[in-house]
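Worksheet: one structure, shown below.
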Amino acid sequence: MQLADLFTPQARELAAPIWAAPPQAGAIPLISLAYGLADPVMLPQEELVEAAAQITANDVNEVLNYAPDARRLKTLIAERLCQEGVAANERQILVAYGSSQILGLLPHVLINPGDTVLVEAPTFMGAVRMFGRAGARLVGVPVDAEGLDVAALDAILHDLRAAGVRPRFLYSIPTFQNPSGATLSLARRQRVVALAAAYGVLVVEDDAYVDLRFRGEPLPPMAAMDTDGWVLRVGTFSKILAPGLRVGWAHGPKALIDRLFMFKPEGTSGPFVTHLVAQYCADGRLEAHIAALRFHYAAKCALMANALRRELPEATFVMPDGGFFIWLRLPEGVKSSALYPVAIEHGIEFLPGNRCFSDGRGDEHIRLAFSETPAAQIEEAVRRLGQAVAASR
């Protein structure tokens, strides 16, 4: 008998670590474009320290003892949703440890082994892992330059209904999609909401990057178009404040919010951190910080795009209007799985495209994150990538 015999089916296969192993001694120092991390130079360190001092000075018992989440944080979230056209209600908001915790709670409420879940193809690899581990049968819906292909979605829903299958939900990243960078057009957003109501399918609208728009006009979220209670809007402060604070949220039908909270083992997300975020965001400081982030990340995105056009003219990509990533289609005959070890030898790391599909497709793509890498290293990173592509051929 072995300890492994006690593991549940979903725990038997050990997933690969998210973070790469440190480079070996003597290897070229690695420049990583693999992870969507915040640029540390943009983290508001001094302002957060000041906010922490203010909340502990004002009511130490409320922020450092057992207590509920800061009420004013839910008020802030509701106000920002209302500005987007969502009829937000504070009683329909769940605060969590990052938006990933919301995604991790969904299987407890909505997925039984064998249930069907629709995901974009490609999509956020963390979501694919969480839904898959819960035993979901993942069905990919193609994404193109305008986001989710709604004609394909309609056909998939029609075929599933004919087979007697009702999907548990559709997981979508409509704005600056991870990894493709595409933004779902207004007409397609309206169509997705209509299809959700017609087929009785929940839409999980993950809008982690919505505030990081470099150009163009913002589009209303699908939650603003939903009149029948079929959209769960998920958001986070990780991309617009500091990922290490781990503060995310969801707004949606109260019956669903209540059940997500029921499976949140620690209850609230902590009085200290929720009061801290609310204090920092007061008096318009968050919006001013977001404006600075947009300018900063737009410049880094343009720097990477120009370097790619110079170093890898045979590769193609759609210039994103915001977010953290460029989704690069490799030159003909180059596969990301074969390129990856060669790239590591050249001191450059990326996310292989097949990590972003539920069925392992996407080997002709790679995801490049420009968010964390210092601007001074981006051109060198792309130069190394070009060398790795040449060597892999």
Subset tally (residues that are of a type in the set (D, E, K, R) and more than 22 Å from the chain's Cα centre (by Cα)) for the range 125-171: 4
Could you pull out the residue among Ala292, Ala250 that is modelled with pLDDT of 95 or more, farther than 17 Å from Pro179 by Cβ and assigned to a strand (DSSP E or B)? Ala250
Residue list for the range 212-225, restricted to those being part of a loop (DSSP other than H, G, I, E, B) and crowded, with 22+ Cβ neighbours inside 10 Å: Leu212, Pro221
Kindly state which helices (runs of 4 or more DSSP H) lie completely within the range 1-108 and contain at least 1 residues that are at pLDDT 85 or above. 45-58, 60-64, 71-83
Keeping to the range 347-369, report how many residues are within 8 Å of Ser336 (Cβ to Cβ) and among the charged types (D, E, K, R). 2
Could you go through the range 279-288 and let me know if any residue there is more than 20 Å from the chain's Cα centre (by Cα), of a type in the set (S, T, N, Q) and in the same structural domain as Arg246 (by TED's automatic domain parsing). yes
Options Ala391, Ala381, Ala343: the member that is assigned to a helix (DSSP H, G or I) and modelled with pLDDT under 95: Ala391
Kindly indicate whether Arg285 is of a type outside the set (A, V, I, L, M), touching a residue at least 24 places away in the same chain (Cβ under 8 Å), in a loop (DSSP other than H, G, I, E, B) and surrounded by fewer than 17 Cβ atoms within 10 Å (Cβ to Cβ). no
Any hit, the range 314-336, residues being under 24 Å from Ser392 (Cβ atoms) and part of a helix (DSSP H, G or I): yes
Scan of the range 48-91 for residues that are among the charged types (D, E, K, R) and either surrounded by 20 or more Cβ atoms within 10 Å (Cβ to Cβ) or not assigned by TED's automatic domain parsing to the domain that holds Phe237 (or both), ordered by number: Asp69, Lys74
Could you grab the pairs with beta carbons closer than 6 Å, sequence gap of 6+ or different chains, first residue in the range 179-206 and assigned by TED's automatic domain parsing to the domain that holds Ile156 and at positive phi, second one buried (at least 21 other Cβ atoms within 10 Å of the Cβ) and outside any loop (DSSP other than H, G, I, E, B)? Gly181/Phe325; Gly181/Trp327
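Provide a single number: the residues in the range 167-205 that are of a type outside the set (A, V, I, L, M) and either assigned to a strand (DSSP E or B) or within 16 Å of Phe131 (Cβ to Cβ) (or both).
Count: 7.
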For Ile156, are the conditions met, namely being surrounded by fewer than 24 Cβ atoms within 10 Å (Cβ to Cβ) and not aromatic (Phe, Trp, Tyr)? yes
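Is it the case, given these coordinates, that Arg191 is modelled with pLDDT of 95 or more, in contact with a helix residue (DSSP H, G or I) (Cβ under 6 Å, 6 or more places away or on another chain) and more than 21 Å from Asp144 (Cβ to Cβ)?
no
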Which of the residues belonging to the range 212-235 are among the aromatic types (Phe, Trp, Tyr) and either within 13 Å of the chain's Cα centre (by Cα) or under 19 Å from Leu153 (Cβ atoms) (or both)? Trp230
Pair list, Cβ under 8 Å, 6 or more apart: the range 142-155 residue farther than 18 Å from Phe169 by Cβ, other residue assigned to a loop (DSSP other than H, G, I, E, B) and of a type in the set (S, T, N, Q): Glu146/Thr183; Glu146/Ser185
Hey, does the range 200-211 have a residue that's over 17 Å from the mean Cα position of the chain (by Cα), closer than 18 Å to Val86 by Cα and buried (at least 19 other Cβ atoms within 10 Å of the Cβ)? yes
On the basis of being out of contact with any His (no Cβ under 8 Å at 6 or more places or on another chain), touching a residue at least 60 places away in the same chain (Cβ under 8 Å) and closer than 30 Å to Tyr66 by Cβ, does Lys300 make the cut? no
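The values are calculated or read from the model by the stated rules, or taken from the named source; none is laboratory data. In this text, all values refer to a predicted model and were calculated from it rather than measured experimentally. Heads up, the Cβs are rebuilt from the backbone with ideal geometry, glycines too, and the neighbour counts pull from every protein chain shown.
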